[in-house]
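Everything below concerns the one structure shown next.
The values are calculated or read from the model by the stated rules, or taken from the named source; none is laboratory data. Bear in mind the structure is a predicted one, so any value in this text is a computation, not a measurement. Because the Cβ atoms are built from the backbone with ideal geometry, glycine has one as well, and the counts that use them run over all protein chains shown. All accessible areas refer to the heavy atoms of the entire protein, side chains included, with ligands and DNA or RNA removed. Shrake-Rupley method; radii C 1.70, N 1.55, O 1.52, S 1.80 Å.
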Amino acid sequence: MCCDEYAPNRLVCTKCGKEFNLLEKRIVCDCGGLLEIRLNKSASKLSWNSFRKRKFNLWRYRDLIPLPKDTTIITMGEGGTPLISSFSISKELGLNEFFIKFEGSNPTGSFKDRGMSVAVSFANYLGVKVVACASTGNTSSSMSAYARRARIEPVIVVPKNKVAKGKLSQSILYGATTIAIEGNFDNALEVVLRASSLGLIYPLNSINPWRIEGQKTVAFEIVDELNKVPDWIALPVGNAGNISAIWKGLLELKEFGLVKKLPKLLAVQASGAAPLVNAFRKGLEVPEPINEPETIATAIRIGNPASGQRALKAVRESKGCFISVKDEEIIRAQKLLARYEGIGVEPASAAAVAGILNVLEDIVRKDESVVAIATGHALKDPDVNSSHEYSLLNALNIDEAVGLLRKLTT
Ligand code: AN7
């Protein structure tokens, strides 16, 4: 029997390999490396059938989320999001199997709720009083909601005037203390990292290993629902926590015998904020930061991704690809999803679909199965929605409105 078999779950530095007790409050290693949670082998007794006896939300996979048994779970039923078949777009493109995993249906409207449910549960277990995050808007909305539910104080640091209205309104509703910084997300993250190292706050950005434990569950759900591993998973990449989490989840499924093969990752960035695409092309392991990232997809307007190195490794291991899309292509894909499928997503999420459209036949073959992760709801960014053209007819009264309808339908 391997000595490792009954080794406890543990925190391991992704840089130097140093190990720590799982329940330590620590976020980074003394060497500066990010920490990752490693599961022990007892999970190898798991099966899809045992998962499927439970409700379809992220807590179906509780056995793979190593929170202590007596943790109070701070939940709003996150996860269990719909995997929507794309009828029209796939038919139009001649794609065999194309699905949208609609993360917009999470409690605060984005995939961030998965990581926050787990990480706020852990913060609460630690007895933390104040949590903080830097954010382009979704992390801050989600953290504020879950922190309030746990009666913990939320503090958010956001780039001034660069957060979409829907997201900002959410954190106002939750009453998060808000610091709006002149600068971008990368500067905001610097603030949170410094405050964390001074012991002022407990950070809930995706450098926190517990966030990753929650976010990996989207990979479990995709395989669970499809009943197979798709050929491709496409997703937008900003700070690169999500793609790192998804790859970690997939590797765990393989390790524990729950899948035999792994999908390729199609990682999509906006062309004005694409440090990882550049690094991928140049064959670099560590990305070079971009000083002034710019894109209409404000969620992924990030120049110095904290998990960039992990993301590059994940995409390479998967034999996938990093690609960039232009803002016009993002807007076109957003419109396509809305007007051909009825699926409303925010611009960052549309980037994943724009990416697939760009590389169809070159990188993604039409006979392959593809799942695009729609990370956030359309209501997050009402300004971009309102910039699409549509037909507006004004009527002064009821008779005139009925007259317009008559004209339109005859
Ligand atoms: C809709 O909220 O970084 O690569 O601060 O909101 O894990 O960063 C948001 C990121 C994709 C990219 N899609 O995920 C934040 C934040 C949407 C997002 C991403 C984000 P990561």
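Summary of computed values
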read-out: Given charges at beta-carbon only (K, R positive; D, E negative), |dipole| of the chain in Debye; value: 1040 debye
read-out: Residues in the range 121-160 reached by a label modelled at residue 72 [backbone nitrogen below 16 Å; 7 Å Cα→Cβ]; value: 121-131, 146-154
read-out: Mean accessible surface per residue for the chain, computed with a 1.4 Å probe while every protein chain stays in place, in Å²; value: 44 Å²
read-out: Shape of the range 135-282, Cα gyration tensor, a/c cut at 1.5; value: prolate
read-out: Relative contact order (%) - criterion: Cα under 8 Å, at least six apart; region: the range 110-207; value: 32 percent
read-out: Angle in degrees between helix 347-359 and the longest Cα principal axis of the chain, rounded to the nearest 10; value: 80 degrees
read-out: Förster-model FRET efficiency, 30 Å R0, residue 187 and residue 31, C-beta, rounded to 0.05; value: 0.80
read-out: In Hz, Karplus ³J(HN,Hα) per residue of the range 186-196 (6.51, -1.76, 1.60; θ = phi - 60°; x = Gly, Pro); value: 4, 5, 4, 5, 4, 4, 5, 5, 5, 4, 5
read-out: Cβ-based charge dipole, the chain, positive-most Cα from 340, 234, 203; value: 203
read-out: Cα-based reach from residue 53 at 16 Å (exclusive), listing lysines while leaving out same-chain residues under 8 positions away; value: 45
read-out: Under DSSP loop assignment and at most 12 Cβ neighbours within 10 Å, longest chymotrypsin sites (Phe, Trp or Tyr not before Pro)-free interval of the chain; value: 7-389
read-out: MRE, 222 nm, helices only [DSSP H, n ≥ 4, -39500 (n - 2.57), over the chain, to nearest 500]; value: -10500 deg cm²/dmol
read-out: Fraction of beta bridges assigned by DSSP in the range 16-160 that are antiparallel (%, nearest 5); value: 45 percent
read-out: Greater than 29 Å apart at Cα, pairs in 264/326; 91/319; 55/101; 55/129; 15/162; value: 55/129; 15/162
read-out: Rounded to the nearest 20 debye, dipole of the range 110-207 from Cβ charges on Lys, Arg, Asp, Glu; value: 280 debye
read-out: Overall Cα dimensions of the chain - principal axes, largest extent first, Å; value: 78, 47, 46
read-out: The chain - percent relative contact order, Cα under 8 Å, separation 6 or more; value: 16 percent
read-out: Sparsely packed GluC sites (Glu not before Pro) within the range 263-331, loop by DSSP, other Cβ within 10 Å at most 14; value: 285
read-out: Separation of the residue 165 and residue 228 label points, Cα + 7 Å toward Cβ, nm; value: 4.4 nm
read-out: Label-point gap, in nm, between residue 328 and residue 399 - each point 7 angstrom along Cα→Cβ; value: 4.7 nm
read-out: Per-residue HN-Hα couplings for the range 254-265 [Karplus 6.51, -1.76, 1.60; θ = phi - 60°; Hz; x = Gly/Pro]; value: 5, 4, 8, x, 8, 9, 9, 10, 10, x, 8, 9
read-out: Rg in Å to one decimal, and Dmax rounded to a whole Å, for the range 258-410 via C-alpha atoms; value: 19.7, 66
read-out: Fraction of antiparallel bridges per DSSP, the chain only, in percent to nearest 5; value: 30 percent
read-out: Fraction of accessible area attributable to carbon and sulfur, the range 235-321 (%, probe 1.4 Å); value: 50 percent
read-out: Of 300, 71, 363, farthest towards positive along the dipole that unit charges on Lys, Arg, Asp, Glu beta carbons give the chain; value: 71
read-out: Calculated from backbone phi, Karplus (6.51, -1.76, 1.60) coupling profile of the range 51-65 in Hz, x at Gly/Pro; value: 4, 5, 6, 9, 3, 8, 8, 5, 6, 4, 9, 3, 4, 9, 10
read-out: Separation of alpha-carbon centers, the range 89-156 and the range 21-88, rounded to whole Å; value: 14 Å
